[in-house]
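In what follows, a single structure is set out as structure tokens and then discussed.
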Amino acid sequence: MTAGLTLSGVAARLHGRRLFAPLSLTVAPGQVATVMGPSGTGKSTLLALICGALDPAFEAEGRVLLDGRDLAGLPTEARQIGILFQEPLLFPHLSVAGNLAFGLPPALRGRQARAARVREALAAADLDGFEKRDPTTLSGGQRARIAVLRTLLSEPRALLLDEPFAGLDAAARGRFRDIVFDAVRRRALPTLLVTHDGSDAEAAGGPLVHLEPVAAEGPNGSWKSPM
Ligand SMILES: Nc1ncnc2c1ncn2[C@@H]1O[C@H](COP(=O)(O)OP(=O)(O)OP(=O)(O)O)[C@@H](O)[C@H]1O
């Protein structure tokens, strides 16, 4: 069995045409692989395919394995893959604790046990006492940290990062990146990062993949770029 996240000949087709050339890659536990490429090449589509949330307009190709298990046919919620977006997507009508509790595994029973897990997570992230805060009153960096805590509380076995550092200024970006990569290493999560920023790729330190658009067949049999 290969530990980590393995992509084998993975591609996404739209109206029968591949967005990018089939991708094969293994991301080891605790490693961060980076996916870069021009806008529209299918980076977000690739992440959606991996976590089982591909838009029905697309057709998936290839195999995705997590710790040797083929994820084909498994619904998103059964894949145990955490995902973070550029926008932290916190629920504005819930407190910080309510947002974090949303990430807890349903199997963790009991109000007190759930509240304790949320409290511990906040304390470990230097956010003690934030339970009752309204997420709309937090800074961008604080909201980003709550979003990553919520994802980690769900005890994922792999992590997908869709430009989660992009909305932050340089100092906050570096600090937040350290927090996320540190969690990835401590929890030995195979992680795939989509970014347009070379410094993110450098900090990630793992394999670097450039998605290239696939050339499309022109009307008279010639080949042209779809871009
Ligand atoms: N639901 C959809 N139906 C049809 N086409 C779509 C759909 N979603 C995305 N696309 C198209 O698929 C292509 C890939 O989109 P995707 O968002 O994966 O690219 P990306 O590489 O993540 O782009 P960016 O770097 O700008 O975020 C784009 O050309 C986009 O317009």
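What helices in the chain pass both tests, a Cα length along the helix axis of 18 Å or more and a mean Kyte hydropathy of -1.0 or higher, using whole DSSP H runs?
Helices passing the filter in the chain: 111-124, 140-153, 170-186.
For the chain, what is the charge dipole size about the Cα centre, in debye to the nearest 20, if Lys and Arg each add +1 at the Cβ and Asp and Glu each add -1 at the Cβ?
580 debye
With point charges of +1 on the Cβ of Lys and Arg and -1 on the Cβ of Asp and Glu, referenced to the Cα centre of the chain, which listed residue (Gln31, Phe58, Thr151) lies farthest in the positive direction of the dipole?
Thr151
Counting alpha carbon pairs within less than 8 Å and at least 6 residues apart, what relative contact order, in whole percent, applies to the chain?
Relative CO of the chain lands at 31 percent.
What fraction, in whole percent, of alpha-carbon pairs in the chain exceed 27 Å separation? Provide the component values of the computation, followed by the final result.
On the way: 9499 of 25651 pairs.
Within the chain, distances greater than 27 Å cover 37 percent of Cα pairs.
Considering only DSSP beta bridges with both partners in the chain, what is the antiparallel share in %, to the nearest 5?
Numbers: 19 of 36 bridges.
Counting only bridges with both partners in the chain, antiparallel ones make up about 55 percent.
Going by average Cβ density within 10 Å per residue, which order do the peptides 60-66, 140-146 take, highest to lowest?
Numbers: 60-66: 17.1, 140-146: 20.3.
Result, highest mean Cβ count within 10 Å first: 140-146, 60-66.
No value in this document is a laboratory result; all are computed from the given coordinates. Predicted model, so just to flag it, every value in this text is computed and none were measured. Here Cβ is always computed from backbone atoms with ideal geometry, including for glycine, and neighbour counts include all displayed protein chains.
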